[in-house]
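Reviewing the structure listed below.
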Amino acid sequence: VVQEKATEQVECALTVEGRERGCTVGSERSVALIRKKVSFRERLSSERSCDTSGPVLSDRGLRTECLKPKESRHSSGGFENVIHHSLHQTVPLRVLPFAALESLGHLPRSVDCCATTEGGKLCGQNHTGLLSEVGDKWNLEKHPIVMISHSWVEPSKGRPDNDSNHKCKIVRRGIRRICEHHNKDPLSMYVFLDWCSIPQESYGTPAFDQYVQSLPAFIAQMSFVLIPLDSKLVLRDSLRLDGDLCPVQMNWAHYSQRGWCRMEMLAGRALEALGSDLRVYRFDATWGEGKERLIEVPPYTPGSLGIMPTAPDALFTCCQRDHWEAVRNQAIKCDRLAVRQMEHLFSGEVCQVTGMRRIHFLNIRPELLSINPELQGIVVVPAARFLQLDSIPRFGEGHNEILQDYDLVDKRIFYFSNRFWRPGVHPDIESGLKMRWMKKVLLMLCAQDGIDISCVYIWQDYSSIDQDNKKMKALGWDSIPGLVARSTYFVVFATDEKGKSEGALDRAWIRRSVFVSRLMSSIGIYTATYMTALSDLNSLSQMTLKPLQSCKIDPRTYSTASTDGACKHQDPLCPWTGNLTDESDREIIRAQCQELLKVASEMPSDPELRNRIVQRAARLATISFDSGTTATPTTTTTTTEAPTTTTEPPTTTTTTTTTKTTNTTTTTTTTTT
């Protein structure tokens with residue numbers, strides 16, 4: 001598996017940066033490109049010989065060819081133009097007004113709807129006329145689009161819901177919660193639902209394949225992704241049984257095992273991490289009512305595959321059907337490869353853009369987030385070596401390596417924030433409990449996010465700061481904001497030497513470090529921040545590890561008014577309102593945070609991100625919802641802009657005509673808005 005992943009990474013990188021150089025997989029130069037083991041001197045030499053039209057990424061002239069921006073007609077300048085792969089859309093994106101979904105009371109199918117109506121009868125209607133086509137002039141602010149990412153309840157019957165329309169009710173409640181949370185008018189909302197927006201009758205045809213290939217581009221045009229769940233609903237369909245052929249619950253664990261669900265989740269989180277305003281929510285009907293019941297899924301951690309299983313382990317309906325469509329009596333393609341390719345696409349772009357943004361952020365004000373030159377770089381311990389040790393290593397014991405800023409593109413730094421359990425002596429107790437704790441957290445996060453351990457490095461003060469040299473120790477402490485800014489993960493080990501975990505985030509200096517990671521996440525440089533705690537100092541049996549739940553920081557509106565520890569701030573984790581031993585440090589922390597906010601506000605935004613990464617074909621193919629065939633129009637397809645008013649729902653008039661022929665009866669539904 002490791003060899004396969006390494007080969008895929010080499011191939012992926014070569015498509016991005018090795019094509020012009022003519023590298024081959026396994027060549028010495030390609031390996032150097034992948035691992036970025038190029039010295040700073042060689043990089044400077046390389047820059048002098050390459051085109052100088054790209055952006056200067058540091059005050060030292062650092063530029064790498066793999067980070068060079070791509071020309072774009074949507075260019076906003078700077079590092080945002082690093083998108084190497086456009087998301088191609090070859091078929092129209094069609095969405096359903098939420099008002100229409102509310103009035104129907106069931107999840108509609110585009111044609112020959114086999115859903116059960118509220119009266120208990122088969123619907124049998126064609127709902128194509130209810131759909132609106134999304135063009136490049138669609139205003140997402142006025143008319144947000146919610147994508148429903150879900151696992152079908154009754155796939156063997158060819159429908160995503162049951163007779164009681166249970167999922168439809170959850171979807172409607174979830175969208176209303178989103179509207180409450182974001183102060184949106186429900187009548188202005190539109191829904192992308194695969195069963196309705198994609199012609200299901202074309203399954204297994206080239207027309208359906210075009211929709212599958214356009215799915216990433218569709219997701220890039222969403223405002224929200226909603227995952228409807230119900231932990232109390234038991235799925236008994238033959239294609240929803242577990243490995244022991246037992247029914248499963250329609251909960252988060254089941255959803256995360258489905259291959260297409262996983263890809264949709266990854267795409268949404270990746271686009272959010274790239275800086276778009278897309279938000280991903282899961283809503284479980286068992287949680288009750290209220291907008292607080294919406295659980296936001298955090299953005300994609302660069303280089304990870306999130307909490308989902310990898311594509312080879314995910315479950316696909318096509319595989320469960322043994323790649324045979326019994327109704328049509330024909331073989332069907334395996335979706336696993338398509339999902340895998342999409343994962344690599346999003347994974348590569350997030351790593352690339354996030355790495356660029358991190359470097360750019362660090363160089364807006366180098367003096368503020370710099371690592372003191374006397375430290376020679378970022379002093380870390382390789383995770384592979386860290387896992388082999390029995391105790392927390394001390395600086396100078398021969399376990400350290402030094403990274404530079406250009407290594408941040410493909411290296412993952414884990415910043416471990418912890419308190420000495422033996423103050424002045426050692427951060428651990430004699431039994432080595434904290435070392436085992438750190439190892440367990442490290443392995444859990446790497447397994448959870450699918451990270452290769454060879455790319456992971458640990459920073460924690462005892463191992464990375466000279467404990468014997470007072471000058472070097474002071475320089476190390478002064479460089480902590482810069483170290484946090486260079487970290488991909490920030491983990492707070494909350495339990496202190498007395499076995500207590502409460503109040504870890506009450507300390508001002510810890511809040512200052514957390515503030516840096518939160519601020520960077522708000523400008524598209526997502527840093528995964530976690531809290532971990534023990535129940536006592538005897539074992540790891542009840543260890544907890546959870547993402548830090550906190551409000552996002554807007555660098556342009558965050559209040560920096562001077563306060564003392566007793567004053568409240570709108571941010572419950574405001575650094576300068578935390579507990580301090582020396583009150584004189586409060587103003588120092590506030591001034592540091594104020595400067596960081598200024599730097600973040602100087603980061604260029606990318607309002608054209610969605611339009612830039614979605615490449616629509618000059619002529620979108622026209623899909624017939626009746627036959628599933630594809631036709632190429634002779635003229636450019638005209639896209640439909642959303643209605644300009646949001647105060648009232650579109651007025652819809654439905655006319656049904658029936659035409660009898662010798663063998664069939666055709667029902668035509670016409671909708672006028």
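Measuring only protein heavy atoms, the 1.4 Å probe finds V248 accessible over about 30 Å².
Put simply, when 262-272, 356-366, 129-139 are sorted by average Cβ atoms within 10 angstrom per residue, most first, you get 262-272, 356-366, 129-139. Separation of the range 189-234 from the range 389-468 is 42 Å, based on Cα centroids.
I402 sits with roughly 80 Å² accessible to a 1.4 Å probe, with DNA, RNA and ligands left out of the calculation.
Against the criterion of solvent-accessible heavy-atom surface with a 1.4 angstrom probe, V339, V212 sort, most first, into V212, V339. Heavy-atom accessible surface of Y190, to the nearest 10 Å², is about 10 Å², with a 1.4 Å probe and all protein chains retained. For the range 420-541, the Kirkwood hydrodynamic radius from C-alpha pairs, put into Stokes-Einstein at 10 °C and a viscosity of 1.306 mPa s, yields a diffusion coefficient of 101 µm² per second. Could you check what % of the DSSP bridge pairs in the range 454-608 are antiparallel, to the nearest 5? So the antiparallel bridges amount to about 40 percent of the total. For the range 328-418, what does the alpha-carbon gyration tensor say about shape, rounded, prolate or oblate, given a ≥ b ≥ c as the root eigenvalues, a/c under 1.5 as rounded, and a/b over b/c as prolate? Here the range 328-418 falls in the oblate category.
What a 1.4 Å probe finds exposed on the range 443-482 is 57% carbon and sulfur by accessible area, rounded to a whole percent.
The values are calculated or read from the model by the stated rules, or taken from the named source; none is laboratory data. Here the structure is a predicted model, which is why all the values come from computation and not from measurement. Cβ atoms come from the backbone with ideal geometry, glycine included; neighbour counts cover every protein chain shown. Please note that ligands, DNA and RNA were not included when accessible areas were found on the heavy atoms of the full protein model with its side chains. Shrake-Rupley method; radii C 1.70, N 1.55, O 1.52, S 1.80 Å.
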